[in-house]
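Remarks on the structure that follows.
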Amino acid sequence: MKKAQYGLLLFMAIGSGLGGGALSSGVRHAVAQAPPEHAKTIRASEFLVVDSDGKVRATLGVLVDGTPHISLFEKNGKRAVTLGLIGTGSGLALHNNKGEVRAALAIVEGAPCLELYDENGNLSTFIGFLEGEPRVTLHDKTGKMRALLDVSEGEPHLVLRDKNGNLRVFVGLIGGDPRLMLQDKEGSRMTEQGSGLKLRDKDGQTRALLGCTTLETTRTGEVTKRPASSLVLFDKEGKVIFEAP
């Protein structure tokens, strides 16, 4: 399971626990055990705080699985804030006026993460860590990831995808060298920059090279060294039609 899923699942679980516990059984769980005389400790499975109208506005309790939680409620009874534990981590959720989670801040497996959700409950933004390295993702209204900014193995990358999930743009470092890649909707590379800039047609055929220091002749396999400022143009068959200097 991805870390980006943990926050929402945590607070949905806490919400389900409350729905079947304190709110459905009134104050029964909030009645403390009778302490010995002069005792300074009150023991209970759950505490409810109510307003002057008797409406529950805050709860402090422990779920069936032993997970402690604190929840705050609006006047209309909708949950506004939830604080709880998940595994060895912890989380804080902020809800809208319908009680739906819109933001979640959590510590999962020792790493912090922030999740933002749209009005339909789909993950919109994730900021956190993956295997110890920072990661930011942006998602569309269907929950599909459309943009990724991260550091992987110490090198930064920016990735943009279309609505079908196809890679369209990549910018980053690979092996310490800058790389730019553009692809069409069919997945064919149109532009690639490593030691230079390559432009391709819709069939993936290289049509222009700018700044490449080596040029390989497809027919013979011969590799020619060229200046870093060189420009080479090809026809649709891959034959050189212009080169300078």
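What are the residue pairs meeting all of these: first residue in the range 168-190, first residue modelled with pLDDT of 75 or more, second residue aromatic (Phe, Trp, Tyr) and surrounded by 15 or more Cβ atoms within 10 Å (Cβ to Cβ), Cβ atoms under 6 Å, and 6 or more apart or on different chains?
Pairs found: 181/170.
With the requirement that a residue be at pLDDT below 75 and among the aliphatic types (A, V, I, L, M), what does the range 196-209 give you?
Listed by number, the list holds a single entry, 197.
If I filter the range 150-169 for residues that are in contact with a Ser or Thr (Cβ under 6 Å, 6 or more places away or on another chain) and of a type in the set (A, V, I, L, M, F, W, C), do I get at least one hit? Let's see the steps before the verdict.
First, pick out the residues of the range 150-169 that are in contact with a Ser or Thr (Cβ under 6 Å, 6 or more places away or on another chain): none.
No; the residues of the range 150-169 include none that is in contact with a Ser or Thr (Cβ under 6 Å, 6 or more places away or on another chain) and of a type in the set (A, V, I, L, M, F, W, C).
Collect the residues in the range 99-132 that are under 19 Å from residue 89 (Cβ atoms) and touching a His at 6+ places or on another chain (Cβ under 7 Å), keeping them in residue-number order. Steps first, answer last, please.
Within the range 99-132, the subset under 19 Å from residue 89 (Cβ atoms) is 101, 103-117, 123, 126-132.
Listed by number, the residues that qualify are 101, 123.
The values are calculated or read from the model by the stated rules, or taken from the named source; none is laboratory data. Owing to the predicted nature of the structure, the values given are computational and were not obtained by experimental measurement. As a convention, Cβ positions derive from the backbone with ideal geometry for all residues, glycine included, and neighbour counts pool all protein chains shown.
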